[in-house]
Amino acid sequence: MKKYKNIDELFKEELNDYSLEPSKDRWKKIESNLFNRFTKGWWIALIILLLVSIPIIFHTYYGNNIKATSNFNPVDSVITMVDSIKYDSNYIIAHQETVKLISSEPKSNNKGNEVIISENIRKNEAEIDLTFGMNIYNDNISNEYKYNNQSIEEIEYRSLYSLNNNNSNLLYEEYPNSIVNNINNKKNKLRIYTSFSGYVGVLYYQDSPDLLTWSSDFGIGYMTNKFYFETGLGYQKAKQNGELRFEYETSDSVGYYNEVISFQINPNNNNEVSYNTKIKNVYDSVIHYSLDNPIYTYDYINIPIIIGYTITRTEKVNLSIQGGLIFSFLTKTYIPVINFDVSDATLLKVTNNTYARANNYTSIHLAIRSSYKLYGSVSLLLQPEFSKSISSISKANGVRRLPYSFGVRGGILFNF
Amino acid sequence: MQQQLESELIEGCKQKQHKAFKMLYKQYGPTLLAICYRYCKSRSEAEDVLQEGFIKIFKKIDSYKGKGSFEGWIKRIIVNTAINHFRSNLKHYYLYDLDDDKIFIDEADDIFEFKIEIDKGFLIKCIQELPQGYKLVFNMYAIDGLAHSEIAKLLGISINTSKSQLFKARRQLKGKIQAHLDLNK
């Protein structure tokens, strides 16, 4: 049996050694608050550095190529000559080809003539089983061509041969469009594009229910064969539940008493009195509290700084991954109309516990970009996205509020 | 030995050593979170207060000169943080306290005897369910050991208001505990 002197002692004794394990990610939040060396100044310096350095890097690597390929002629035909084929009793072990890329659109200094714009000897090594008698040699070969001291990317090559004793006859060969595209693309190595897109997503807050967010964005970017760098301007609406506390007074029944309506003295015994009573309720003003969570809406102007990498590209479809930072600036806060509808109550006070939003915040952005070429330079864009704020969206010191969002972006890309 | 370890830990924190801060958090975090939890409505709110309090501890660690217990010092910072957290909402809790002029009989002298073990989580819940004003004063006076004069100063209320809030808090808590005991008879 436990004995306590009073209620204070009960609570003090029992709760003195009470402990609760904080959640696992709490230390990380404190840590990032204390040891985050990336102050505002550093972020600004980093952004300026990125803005200045990326175009310089792009120019350094690709600028010369643009000049070199400015008078590059389209490839009209490809001639392949099989020089030799060697095989043992069962397997082809090698063959050698000379490949010439022919242009019929002459350079200015070779007017009217066909010119060989590239010549390359390919040594293909492959093993083909000859046990089927009449065999077809069908391989996929990657190769590298040189033109004006610049390398042209790997080209997929397919050829079919019939084999007859020591000779081989080329039955069919195919250079996919990519060979021509790859070469011609050199002209447009550094391209500019713009995009118009809309985003719909859900904002996940740690301390209030999740709510919808959407944005409409304009982007402008530089694109090379593999990388792109994009910035732009966006308008975003974000919603969040506020917290209003109402203090109000109502007249409530707080007790009752028995009111004597009449009484009678017993005629046989004067000492005995009987009473007729009626229950009477007693009312008094009682203070109550209630909470309401109306939806606040916030308008932001967003400026993204994004770098992307193209994973795969076909004639129609382009798939890339991208990441970067989004800088958001609060432009407007929509305060909801207060709705208090308790009947017969007097509203005494309304306290707004909704935290104030910071004037700006930064988030990291990750996305997978897929685009589908509609016609010419117009492509459709579909992009699942994730973003998480890395600076607090609230003004309050100490507690960092870092919501994240998942959503999908759709839009149109224009290549120039 | 324990004291030596503690002084080394404090010294490490004063030198802004990452590892020392982490150890300090591991050692005191659970106790301090329990304090925050008493003042708050929810676990996540309590963790927010803990986070705010820890940041203050780390920033103010240089001002701890070794006078008095270190644990007492950090507990006081956490309690102050919890009070500050609710300060903006405090005023109106006392505006309608009409009992300011009355003198309250100290009800803290009843003897409590329990045949059953009372769950600590239940006791915390009892405190959390108190109206905000009662909760703050009861926590500060009965558990964290502040005097009415200190409470009055910190909350910007009169000493009598502090006493009346405590009186009402005790009354509500007794009711809740009694109901709990009756239910578990």
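For region B:62-70, indicate whether the set of residues that are out of contact with any Lys or Arg (no Cβ under 9 Å at 6 or more places or on another chain) and within 13 Å of another protein chain (Cβ to nearest Cβ) is non-empty. No - not one qualifying residue is present in region B:62-70.
Only a single item in (1) under 20 Å from A:LEU211 (Cα atoms); (2) open to solvent by less than 70 Å² (accessible area, probe 1.4 Å) is not met by A:PHE327, and it is number (1). Figure legend. Inter-residue proximity from region A:1-20: first residues within 7 Å of chain B (Cβ to nearest Cβ), second residues open to solvent by less than 90 Å² (accessible area, probe 1.4 Å) and among the polar types (S, T, N, Q), beta-carbon distance below 7 Å, spacing 6+ or different chains. Indicated pairs: A:SER19/B:THR31. Among the numbered criteria (1) at pLDDT 85 or above; (2) open to solvent by less than 70 Å² (accessible area, probe 1.4 Å), which single criterion is violated by A:ARG245? Of everything listed in (1) at pLDDT 85 or above; (2) open to solvent by less than 70 Å² (accessible area, probe 1.4 Å), A:ARG245 misses just condition (1).
Go through the residues of region A:343-351 one by one and say whether even a single one is open to solvent by 60 Å² or more (accessible area, probe 1.4 Å) and small (Gly, Ala, Ser).
Taking region A:343-351 and keeping what is open to solvent by 60 Å² or more (accessible area, probe 1.4 Å), we get A:343-344, A:346-347, A:349.
Among the residues that remain, those that are also small (Gly, Ala, Ser) are: A:343.
Within region A:343-351, one or more residues are open to solvent by 60 Å² or more (accessible area, probe 1.4 Å) and small (Gly, Ala, Ser).
Checked against (1) under 19 Å from the mean Cα position of the chain (by Cα); (2) under 16 Å from A:ASP217 (Cβ atoms), A:THR331 passes all but condition (1). A single member of B:LEU95, B:LEU130, B:LEU90 is at pLDDT 80 or above and not acidic (Asp, Glu), and it is B:LEU130.
How many residues does region A:358-377 contain that are over 16 Å from A:THR213 (Cβ atoms), open to solvent by less than 20 Å² (accessible area, probe 1.4 Å) and of a type in the set (A, V, I, L, M)? Total satisfying the criteria: 1.
Please go through region A:190-242 and pick out each residue that is in contact with a helix residue (DSSP H, G or I) (Cβ under 9 Å, 6 or more places away or on another chain) and of a type in the set (Phe, Trp, Tyr). Correct list: A:TYR222, A:PHE227, A:PHE229.
Pairs meeting the criteria (first residue in region B:43-57 and under 14 Å from B:CYS13 (Cβ atoms), second residue among the hydroxyl-bearing types (Ser, Thr, Tyr), beta carbons under 7 Å, at least 6 apart or on different chains) are B:PHE54/B:TYR25; B:LYS56/B:THR81. Among the residues making up region B:145-166, those that are surrounded by fewer than 19 Cβ atoms within 10 Å (Cβ to Cβ), in contact (Cβ under 8 Å) with a residue 60 or more places away in the chain and either assigned to a helix (DSSP H, G or I) or within 12 Å of chain A (Cβ to nearest Cβ) (or both) are B:LEU154, B:ASN160. The numbered conditions (1) modelled with pLDDT of 85 or more; (2) of a type in the set (Gly, Ala, Ser); (3) farther than 30 Å from A:GLU249 by Cβ are all true for B:GLY68 except (1). Checking the structure you have, find out if any residue of region B:62-82 is touching a residue at least 40 places away in the same chain (Cβ under 8 Å), of a type in the set (Gly, Ala, Ser), surrounded by 17 or more Cβ atoms within 10 Å (Cβ to Cβ) and closer than 30 Å to B:PRO131 by Cβ. Yes: one or more hits.
Is at least one residue of region B:2-9 in a helix (DSSP H, G or I), over 25 Å from B:GLN128 (Cα atoms), open to solvent by 10 Å² or more (accessible area, probe 1.4 Å) and in contact with a Phe, Trp or Tyr (Cβ under 8 Å, 6 or more places away or on another chain)?
Here is the first cut: in region B:2-9, the ones in a helix (DSSP H, G or I) are B:2-9.
Filter once more, keeping what is over 25 Å from B:GLN128 (Cα atoms): B:2-9.
If we keep only those that are open to solvent by 10 Å² or more (accessible area, probe 1.4 Å) as well, we get B:2-9.
Pick out the ones that are also in contact with a Phe, Trp or Tyr (Cβ under 8 Å, 6 or more places away or on another chain) and you get B:6.
Yes, there is a match, as at least one residue in region B:2-9 is in a helix (DSSP H, G or I), over 25 Å from B:GLN128 (Cα atoms), open to solvent by 10 Å² or more (accessible area, probe 1.4 Å) and in contact with a Phe, Trp or Tyr (Cβ under 8 Å, 6 or more places away or on another chain).
Show me the strands (runs of 3 or more DSSP E) entirely contained within region A:288-393 in which 2 or more residues are touching a Gly at 6+ places or on another chain (Cβ under 8 Å).
Working: elements: A:295-313, A:317-334, A:345-352, A:360-375, A:378-389.
So the answer is A:295-313, A:317-334, A:360-375, A:378-389.
The values are calculated or read from the model by the stated rules, or taken from the named source; none is laboratory data. If you're wondering where the values come from, they're calculated on a predicted model, not measured in any experiment. Heads up, the Cβs are rebuilt from the backbone with ideal geometry, glycines too, and the neighbour counts pull from every protein chain shown. Note: accessible area is taken over every heavy atom of the protein model, side chains too, but ligands, DNA and RNA are not part of it. Shrake-Rupley method; radii C 1.70, N 1.55, O 1.52, S 1.80 Å.
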